[in-house]
1. Rounded to the nearest angstrom and ordered from largest down, what semi-axes does the equivalent ellipsoid of segment 4-305 get from its C-alpha gyration tensor (root of 5λ)?
2. Is it possible to state the helix-based mean residue ellipticity at 222 nm for the chain, with each DSSP H run of 4+ residues giving -39500 (n - 2.57), the sum divided by total residues, to the nearest 500 deg cm²/dmol? What is it?
3. If N is the number of residues in segment 19-95, what value comes out of its Cα radius of gyration divided by 2.2 N^0.38 Å?
4. List the extent of the Cα atoms of segment 111-170 along each of their three principal axes, largest first, rounded to whole Å.
5. For each pair in K121/K232; K35/K178; K44/K116; K143/K284; K7/K35, compute the distance between the two Cα atoms and list the pairs where it is over 29 Å.
6. Hey, in the GNM for the chain with a 10 angstrom Cα cutoff, which one of P89, P195, P18 fluctuates hardest?
7. For segment 164-268, restrict the atom set to alpha-carbon positions and state the Rg and Dmax in Å.
8. In terms of modelled amide H atoms, which long-range or inter-chain residues lie less than 5 Å from the amide H of V221?
Amino acid sequence: MLIERYKGNPILQPQDIPYPVATVHNAAVVKYREKYMMLFRSHKMNGRSILGLAESSDGFHFTASKEPFMVPETTGEFGEYEAYGVEDPRITFIDGEYLITYSAYSRHGVRIGLAKTRDFKTVERVALITEADYRNVVIFPEKFNGLYARLDRPHSEIAPWSIWISYSPDLKYWGGSKRIMKPVQYHWDEMKIGPGAPPVYTSKGWLNIYHGVFPTMDGSVYRLGVALHDLKDPSHIIAVGDDWILQPEMEYEITGYVHNVVFTCAAVPEDDGTIKIYWGGADKVMCVGTARIDDLVQHCLSNPRNPL
Ligand code: BMA
């Protein structure tokens, strides 16, 4: 077993939240001052999403804050583009700040918002960093030739929904975009793929834990896979593991708000060579599992498929 599920899953669910929510899922998790901070998505009872905060000292037992952390802005540019909700956050620590990327939904489509915090008490919105329709933006925790780099997943009518890379000098203006990884026909990720957790540094390359979707007569199945990007040039993918690393198997992954979904927005590497991977189960609860980083790297290298 590549990923060992935590026996106490799910680790956070709607009844643990001090305000009314229908779901707790697709959360970002990072370490902050010896604590694990979790920024989780919740559907409110009107079906629109907000982001809540929970914290933990061991990465397994989380306590949610009394109030939501980010709700849609009501005025200005952000108000215009977040009116339908904020979803699926990712957090990257770089230059002393925690950068938060999230999906901003509105009648104009889905864009990516960038916000930042230093203390998980106050949060400042920086910019909307894509036009419509983009989701799943993850920022690398290092710069390349002086530029920030991100992976994302634009929606296309022509190409299957794929993973792209872009660069920025200031986090606001992005360019140099290139499609670097696509779904494979009649494969577990044939319908669409998207970045999951912000890339994790390993001595062999950047580990990119992504999601892939397969369409069935019973709806779509969301699974997780892993790819390895070159340390100096992250647009070069060294290897993509051919097999998935996690699929919906437990009751809390098979049944929920949307069935048959495991969806990740976070992985936290530990000093002992393990990594905690966090995922939403069936868009309803939060789960965690542990893997060895070396095993995930080997998974990419020992049985790779073409990225494109
Ligand atoms: C995707 C996103 C995710 C969600 C997944 C499964 O398109 O909306 O937030 O987890 O579908 O429903």
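Derivation of every value follows stated rules applied to the coordinates shown; laboratory data play no part. Being a predicted model, the structure only gives us computed values, none of them experimental. Virtual Cβ from ideal backbone geometry, glycine too; neighbours counted across all protein chains shown.
1. Taking √(5λ) for each eigenvalue gives 25, 23, 20 Å, largest first.
2. Mean residue ellipticity at 222 nm (helix-derived): -1500 deg cm²/dmol.
3. 1.15
4. For segment 111-170, the Cα extents along the three principal axes come out at 42, 26, 15 Å.
5. K121/K232; K35/K178; K143/K284
6. So, out of P89, P195, P18, the one fluctuating most is P18.
7. 15.0, 45
8. Amide H neighbours of V221: F214, T216.
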